[in-house]
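Novice: Starting off with a structure, shown below.
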Amino acid sequence: MEQTNVMLQATLLAGAILLENGAEIERVEDTMQRIATNAGYPDAQIFVLLTGITVSLPEAATSQVRAIHRRGMDLEKVDQVNTLSRRFAAHDIDLTQFATQLDQVNQAVPTFPFSWLLIASAVVSVPLMVAFTGHATPADLVTCALAGTLGFSTYYWVNRLGSIRFLSEFMGALIIGLITLIGEHVAPGSYHPDAIIIGAVMPLVPGVAITNAVRDTMTGNLLSGPARAIEAILSACAIGVGIALTSFFY
Amino acid sequence: MGHWILTTGILQLVLAYFATAGFGVLLNIPRRALNLSGWVGAAGWLTYEFLYFLLPTSINVKLAVGNLIAAVVIGVASGLAAHYKHMPMIIFNIPSLVPLVPGGQSYRVVRNLVTGHPHVASEYLAQVVIIAGVIAIGFLIAEFINRVTWRLIH
């Protein structure tokens, strides 16, 4: 009985970490099924939705549920769960060790320092502005780097402090719009506000979420795919409205 | 064409490399995967830009075909990279999509709706649907190619 409980908990936790950090539904189900099989329960039934996971063992007449409330992107965690699952499959670690190490992955994994995130958001914004629009005057480059960095840090800190998802995207977009607006009055020479905004919002926009929504739907997850799409549409709305509020002043 | 590769091509390759690696940092991918995922993204974007330059068709067809082939390239390249580094595929294919995915278009849809340009908004909406659908199909094709090569090798 004890063993069954540990197995159920570990399987659910692995699935939850994957789902909360950006994996597709099919990958979550696949990994959980592997873990259950390797733990000695090949007949385990796994049911994964975007908002919750169920594992049940028909033979033991038992099942457990775990609700998923938070969804973000942290591929380091996905990688570590994958590595642990492989080691478990290779009998490097037993079920108890697997469960403890999963707990550690869920608590803390290496992250990049905030300064790296700032540089990265500029490195995403500026090259994409140039690649998409071809505009690269000095005023554009500097404003885009500033707007991209400050927009992302606003998003990051609002998320950190209050963890209200769509508000953080809205605030980030608002800051980007404001900086672009200020730049228009300060910057010398030729200046392309549309190009700057399209570059600066790239760290925030839900492009990957939209694509994942379609992929999930195509693999037969007819509830989770559209649910992801709704989440993506809401965040596109938050960003679009944030920018539109400032663009009335042009 | 040679001239295009030397001027636009190399510039776009470098831009996409940096954008992908930067997005990788934002998604917190493992550090040892940063460089490789940058190159996967660069390969995908170069494919797209090259097809966009080459195809003599309307913009929507260019978008569809370009993104489809680029997604196949990214899918196959991330399959190879994942196998080489012993990491899950999404570590390479998610950051690599950043230049291609319709994030910019999706925000433009809402912005144009709010500022009162529904016609522009519907054009961008069509692009969002085309690109997202085509990338998903591209990944399916890449998955198929990966499985077939895997079978042939073993």
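Novice: Test B:V114 against the stated conditions and say whether it is within 10 Å of chain A (Cβ to nearest Cβ) and within 17 Å of the chain's Cα centre (by Cα).
Specialist: No: the conditions fail for B:V114.
Novice: Can you name the residue in the range A:101-110 that is of a type in the set (S, T, N, Q) and surrounded by 13 or more Cβ atoms within 10 Å (Cβ to Cβ) and, of all such residues, is farthest from A:F152 (Cα to Cα)?
Specialist: A:Q101
Novice: What is the number of the single condition among (1) of a type in the set (A, V, I, L, M, F, W, C); (2) within 30 Å of B:E143 (Cα to Cα); (3) out of contact with any helix residue (DSSP H, G or I) (no Cβ under 6 Å at 6 or more places or on another chain) that A:L161 does not meet?
Specialist: (2)
Novice: Give the range A:110-122 a look and list any residue that's within 7 Å of chain B (Cβ to nearest Cβ) and either at pLDDT below 90 or outside any loop (DSSP other than H, G, I, E, B) (or both), or say none.
Specialist: Result: A:T111, A:W116, A:L117, A:A120, A:S121.
Novice: Could you say whether any residue in the range A:76-92 is of a type in the set (D, E, K, R), touching a Ser or Thr at 6+ places or on another chain (Cβ under 8 Å) and closer than 21 Å to B:I90 by Cα?
Specialist: yes
Novice: Considering each of B:G22, B:G41 in turn, give the residue that is buried (at least 16 other Cβ atoms within 10 Å of the Cβ), closer than 26 Å to A:T149 by Cβ and without any contact (Cβ under 8 Å) to a residue 12 or more places away in the chain.
Specialist: Every option except B:G22 fails the conditions.
Novice: Right, here's the next one. Among the residues of the range A:200-210, which ones are within 9 Å of chain B (Cβ to nearest Cβ) and either touching a residue at least 12 places away in the same chain (Cβ under 8 Å) or under 19 Å from A:V48 (Cβ atoms) (or both)?
Specialist: A:V201, A:M202, A:P203, A:L204, A:V205, A:P206, A:V208, A:A209, A:I210
Novice: Here's another thing I want to ask about it. Out of the residues in the range B:71-92 that are more than 10 Å from chain A (Cβ to nearest Cβ) and under 14 Å from the mean Cα position of the chain (by Cα), which is nearest to B:W150 (Cα to Cα)?
Specialist: Across the range B:71-92, the extreme among qualifying residues is B:V76.
Novice: Assess whether A:D79 counts as being without any contact (Cβ under 8 Å) to a residue 12 or more places away in the chain and exposed (fewer than 15 other Cβ atoms within 10 Å of the Cβ).
Specialist: In short, no.
The values are calculated or read from the model by the stated rules, or taken from the named source; none is laboratory data. Everything quoted here is computed from the prediction, not taken from an experiment. Don't worry about glycine lacking a Cβ; one is built from the backbone with ideal geometry, like all the others, and counts go over all protein chains shown.
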